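A.B. asks: Here's a structure for you.
The values are calculated or read from the model by the stated rules, or taken from the named source; none is laboratory data. All values reported here derive from a predicted model rather than from experimental measurement. Cβ atoms come from the backbone with ideal geometry, glycine included; neighbour counts cover every protein chain shown. When the accessible area is computed, the model is the full protein with side chains, heavy atoms only, and any ligands, DNA or RNA have been set aside. Shrake-Rupley method; radii C 1.70, N 1.55, O 1.52, S 1.80 Å.
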Amino acid sequence: MAIDVVVNQRHLQIQLKQLETVWHTVINGYNLSQAATVLHTSQSSLSKHIAALENQLKTEVFIRQGKRLTGLTTMGTALMPHIESIFAEIRTIENLSLDFNNPNIGTLTIATTHTQARYVLPQVVKEFKARFPKVNLILQQADPETIAQMVIRGQADIGIATESLLHNNYLRCYRYYDWTHRVIVPSDHELANQESVDLPTLASYPIVTYHGGFTGRGAIDKTFEEAGLEPDIVLAALDADVISTYVGLGLGIGIIAEMAFEPSHYQNLTAIPVDHFGRFTSWMAVRDDAEIRQYGRAFMELCQKQFDN
């Protein structure tokens, strides 16, 4: 970028590229290699931008341990809100221009989990594509922490997940929907006719459920632990399709998200409502420092409308 930022009081002329380097270095955890990848440049180039900025400011912006950057100095900390404000305005202006000239053309990248992409979003995606046929819609599936980082780094426009989004200073979150878990068992299982199952009974059976960090697994573990129970987790998987398959094969009873149970696909399984593990909220998140394209906001509106009835 060729725009200069002029600080009149000290007669400094700071290149916008230098500020961009600082911003991406911070949001990529002070990892210059990772920041360079995001910016499609070299690590040495970023180092030069940082050195040039610190030379003009006559003070260091980053704390260093050897050649590694580990944090922000007092000056760097003071500088960051202003850098964020500058790039928020730039992104807003860019999106305003795009919306004015080509409001229904572009690319929208959604970072989400397999559960959301597979069980929750299909109808939203169908309606969105009917409304915006010229928008290239990309669904990137990842774990919740990666989803948050993808939105922060600008690799995704919208993130959708249950964990890792809400408590993040760089993200602005919107409630999507609430959900709980279900226990699934083969239709001929001894629990199949039960209206509910208590925790000790659940813990007495082999269990097939989500991998750590996905779809409320942390709450499942915590609930058993607080009850003084040690469940036998015989298989952990990333998505409910795999869990349902192995429950159907008799490997154990399953614990999955309620929206992931599809009786028409697994007619040999029965779902039992349980509230032991709590109620969860799935969130949509965008970067807090700039507005997304109009069609991105339309996608989020379709998501929220999905559960209004």
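A.B. asks: Is it the case, given these coordinates, that ARG172 is among the charged types (D, E, K, R), open to solvent by 10 Å² or more (accessible area, probe 1.4 Å) and closer than 24 Å to LEU302 by Cβ?
C.D. replies: Criteria met by ARG172.
A.B. asks: When residues of the stretch 27-64 are filtered for being within 25 Å of ASP288 (Cα to Cα) and among the hydrophobic types (A, V, I, L, M, F, W, C), how many remain?
C.D. replies: The qualifying residues number 10.
A.B. asks: Another one. Is there any pair linking a residue in the stretch 90-105 that is outside any helix (DSSP H, G or I) to one that is surrounded by 14 or more Cβ atoms within 10 Å (Cβ to Cβ), with Cβ under 6 Å and at least six apart or on different chains, and which?
C.D. replies: Filtered contacts from the stretch 90-105: PRO103/GLN294; ASN104/PHE132.
A.B. asks: Within the stretch 220-242, does at least one residue satisfy the condition of being farther than 30 Å from ARG131 by Cα, open to solvent by 50 Å² or more (accessible area, probe 1.4 Å) and touching a residue at least 40 places away in the same chain (Cβ under 8 Å)?
C.D. replies: yes
A.B. asks: Shifting gears a bit: When GLU258 is evaluated against the numbered criteria (1) open to solvent by less than 50 Å² (accessible area, probe 1.4 Å); (2) in contact with a His (Cβ under 7 Å, 6 or more places away or on another chain), which criterion, by number, is the only one it fails?
C.D. replies: (1)
A.B. asks: Find the residue count for the stretch 112-156, including only residues that are more than 25 Å from GLU20 (Cβ to Cβ), open to solvent by 30 Å² or more (accessible area, probe 1.4 Å) and touching a helix residue (DSSP H, G or I) at 6+ places or on another chain (Cβ under 6 Å).
C.D. replies: 4
A.B. asks: Kindly list, by first and then second residue, each pair from a residue in the stretch 151-171 that is not assigned by the TED database to the domain that holds LEU39 to a residue that is open to solvent by 50 Å² or more (accessible area, probe 1.4 Å) and part of a strand (DSSP E or B), limited to pairs with Cβ atoms under 8 Å and residues at least 6 apart or on different chains.
C.D. replies: Hits for this filter: GLN155/GLN140; ALA156/GLN140.
A.B. asks: Let me ask something else about it. Looking only at the stretch 261-295, count every residue that is at pLDDT 90 or above, surrounded by fewer than 18 Cβ atoms within 10 Å (Cβ to Cβ) and touching a helix residue (DSSP H, G or I) at 6+ places or on another chain (Cβ under 6 Å) and tell me the total.
C.D. replies: 3
A.B. asks: Let me ask something else. Starting from the stretch 134-150, take each residue that is more than 9 Å from SER164 (Cα to Cα) and list its partners that are open to solvent by less than 40 Å² (accessible area, probe 1.4 Å) and β-branched (Val, Ile, Thr), counting only C-beta distances under 6 angstrom and pairs at least six apart or across chains.
C.D. replies: ILE138/THR109; LEU139/ILE110
A.B. asks: Scan GLY212, GLY159 and give me the residue that is modelled with pLDDT under 95, open to solvent by less than 50 Å² (accessible area, probe 1.4 Å) and not aliphatic (A, V, I, L, M).
C.D. replies: Answer to the check: GLY212.
A.B. asks: Of all residues in the stretch 166-183, how many are under 12 Å from ARG279 (Cβ atoms) and either of a type in the set (A, V, I, L, M, F, W, C) or within 17 Å of the chain's Cα centre (by Cα) (or both)?
C.D. replies: Counting residues in the stretch 166-183 that are under 12 Å from ARG279 (Cβ atoms) and either of a type in the set (A, V, I, L, M, F, W, C) or within 17 Å of the chain's Cα centre (by Cα) (or both) gives 3.
A.B. asks: In the stretch 175-191, what residues are open to solvent by less than 10 Å² (accessible area, probe 1.4 Å) and hydrophobic (A, V, I, L, M, F, W, C)?
C.D. replies: TRP179, VAL183, ILE184, VAL185
A.B. asks: Exactly one of these conditions fails for LYS67: (1) under 25 Å from LEU137 (Cα atoms); (2) not assigned by the TED database to the domain that holds MET300. Give me its number.
C.D. replies: Unmet condition: (1).
A.B. asks: With respect to GLY76, determine if the residue is open to solvent by less than 30 Å² (accessible area, probe 1.4 Å) and part of a helix (DSSP H, G or I).
C.D. replies: Here the answer is yes, as GLY76 does meet what is asked.
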